[in-house]
Structures are given as structure tokens and as C-alpha cells.
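Each value in this text was obtained by applying a stated rule to the coordinates, not by laboratory testing. Bear in mind the structure is a predicted one, so any value in this text is a computation, not a measurement. Reconstructed Cβ throughout: ideal geometry from the backbone, glycine too, with neighbour counts over all protein chains shown.
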Amino acid sequence: MSDTPPDRLSTNPSSPYYDADILARNVGVRFKGQDKTNVDEYCVSEGWVRLSVGATKDRHGNPLTVKLSGPVEPYYRNT
């Protein structure tokens, strides 16, 4: 595997951008210079992240998310 995380990644198993092998490598995301721990999905080329909002669920039982635009920097955390 490469040392660079993918351009787009999701933690939702029903998403086409979900990859369990990459998530197992402990991906971290820096958004606007701050480490975020509640990232549900990100896209570097389009410059956005989708963050989960607390423990709130939508009507389908999925976590409620908000999409924010800005510079996104994914990285592999050292374990």
C-alpha cells in the first residue's frame, strides 16, 4: 500500500468510497489546520469534509452529518 491516503474515503460501509483495509491503517484528517475525530467522509480534490453531529440520527437511523468546505489533509497516524 502507498503512504498517501486516498483522495476520497468514507467510514460508512454502504458508501462506494468505503475501504476497510485503509481505515484499519488509522487515517487521521486535518481540516483547516485542526485534527478532526468526527469525520464521516472527506474529499481532498473537491475540498470538503462531512462531519457527524453528536449522537443525533436522521430518520433512517444514520448519523446526522454536516458538509463543510476548506482545505483537507488526510494522513496516517503513527500507532
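Working note: Karplus 6.51/-1.76/1.60 with θ = phi - 60° gives the stretch 12-23 the couplings 8, x, 7, 7, x, 9, 7, 9, 4, 5, 6, 5 Hz, where Gly and Pro are set to x.
Helix-derived [θ] at 222 nm for the chain: sum -39500 (n - 2.57) over DSSP H runs of at least 4, divide by residue count, nearest 500? Write down the numbers at each step before the final one.
Details: 1 runs with 4 residues, N = 79.
For the chain, the value works out to -500 deg cm²/dmol.
Over the chain, Cα pairs under 8 Å with separation of 6+ residues give a relative contact order of 32 percent. Computed about the Cα centre, the dipole magnitude for the chain is approximately 300 debye when only Lys and Arg (+1) and Asp and Glu (-1) carry charge, each at its Cβ. Farthest toward the positive end of the dipole of the stretch 8-76, out of V29, Y76, Y17, is the Cα of V29, where the dipole comes from beta carbon charges about the Cα centre. Give me the base-10 log of I(q)/I(0) for the chain at each q in 0.21 Å⁻¹, Debye formula, one uniform scatterer per Cα, rounded to two decimals. One equal scatterer on each Cα of the chain leads to -0.98.
Comparing Cα centroids, the stretch 1-21 and the stretch 49-64 end up 19 angstrom apart.
Which longest run of the chain has no exposed loop site in it, a site being trypsin sites (Lys or Arg not before Pro) in a DSSP loop with at most 14 other beta carbons within 10 Å, and the site itself not part of the run? Working shown, then result.
On the way: sites that count: R25, K32, R59, R77.
Between exposed loop sites, the widest span is 33-58.
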